[in-house]
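Chemist: Sending over a structure as C-alpha cells; questions will come in a sec.
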Amino acid sequence: MARLFHVSSALNRESILAHGLDWTRMGAARGIAGSLAPEEEGVFLCRDEFEAGWFAQMNNTGGPVDVWEVTGVDEDQLITTGSGFSYFPASIPRGQVTLASPPPDDRAPAASSQRRKNKQRKKTPRAGK
C-alpha cells in the first residue's frame, strides 16, 4: 500500500490523536481550502509528499497546519473529485494515522522577524548635520 497524507489545521491535532480522521468531526478550524463544512463525505488524502506540501502551502485555515501520514488505505479506494483531488469515503481510525510533520516551532516567527531586523536600514540624517 502506498504512503498517503492528510493536511489539517494544527487546531485539529487533539481530535485526530483521539479519533483519527473523521470528516463528521470537522469544526475546530476551517478546511485547508478555507471551507467551513466538509466538501465531501470522506477524508481528503494526498498521494505523495509533493501534493501534501502543495496543500500545506495553500493553507487557508488561518494558522499552522499538520501533515499526517495515513496507512492501510489503498489508492484504488480513493474517489477523485471533479477538481482532481482525492478522498477516502470513510473515516480513518487513529491507529492508521501518524503525525508526519513536526509540530510548529514557536521560534520560527522570531527568527523571521530577526532576519528583517538585520537587513540594512536606510540612513537618516542626524540632528545638526
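Chemist: Based on the Cβ-Cβ distance from His19 to Gln57, what FRET efficiency comes out when R0 is 30 Å, to the nearest 0.05?
Modeler: For R0 = 30 Å, the calculated efficiency reads 0.70.
Chemist: Put a dot 7 Å past each Cα toward the Cβ at Glu49 and Glu69; how far apart are the dots in nm?
Modeler: For Glu69 paired with Glu49, the spin-label model returns 1.0 nm.
Chemist: Report the gain in length on full extension from Gln96 to Met1: 0.36 nm times residue separation, minus Cα-Cα distance, nm rounded to one decimal. Before the final figure, lay out the partial values.
Modeler: Details: separation 95, 0.36 × 95 = 34.20 nm, distance 1.22 nm.
That works out to 33.0 nm of additional length.
Chemist: Would you work out which of Phe55, Gly27, Leu45 lies farthest towards the positive end of the dipole of the stretch 4-115? Charges go on Cβ: Lys and Arg +1, Asp and Glu -1.
Modeler: Looking along the dipole axis, the top candidate is Gly27.
Chemist: Give the whole-number value, in cubic angstrom per residue, of the convex hull volume spanned by the C-alpha atoms of the stretch 4-115.
Modeler: Cα-based convex hull of the stretch 4-115, divided per residue, equals 104 Å³.
Chemist: Right, here's the next one. Can you give the local net charge around Gly95? Use residues other than it whose beta-carbon is closer than 14 angstrom to its beta-carbon, Lys and Arg +1, Asp and Glu -1.
Modeler: That sum, taken over residues with Cβ under 14 Å, equals -1.
Chemist: Here's another thing I want to ask about it. If we count every other residue with Cβ under 14 angstrom of Glu75's Cβ, Lys/Arg +1 and Asp/Glu -1, where does the sum land?
Modeler: -2
Chemist: What is the list of residues in the stretch 17-38 whose amide nitrogen lies under 19 Å from a point 7 angstrom out from the Cα of Gln77, following Cα to Cβ?
Modeler: 17-25
Throughout, read-outs are computed from the coordinates displayed, never taken from laboratory work. Keep in mind it's a predicted model, so treat the numbers as computed, not measured. Virtual Cβ from ideal backbone geometry, glycine too; neighbours counted across all protein chains shown.
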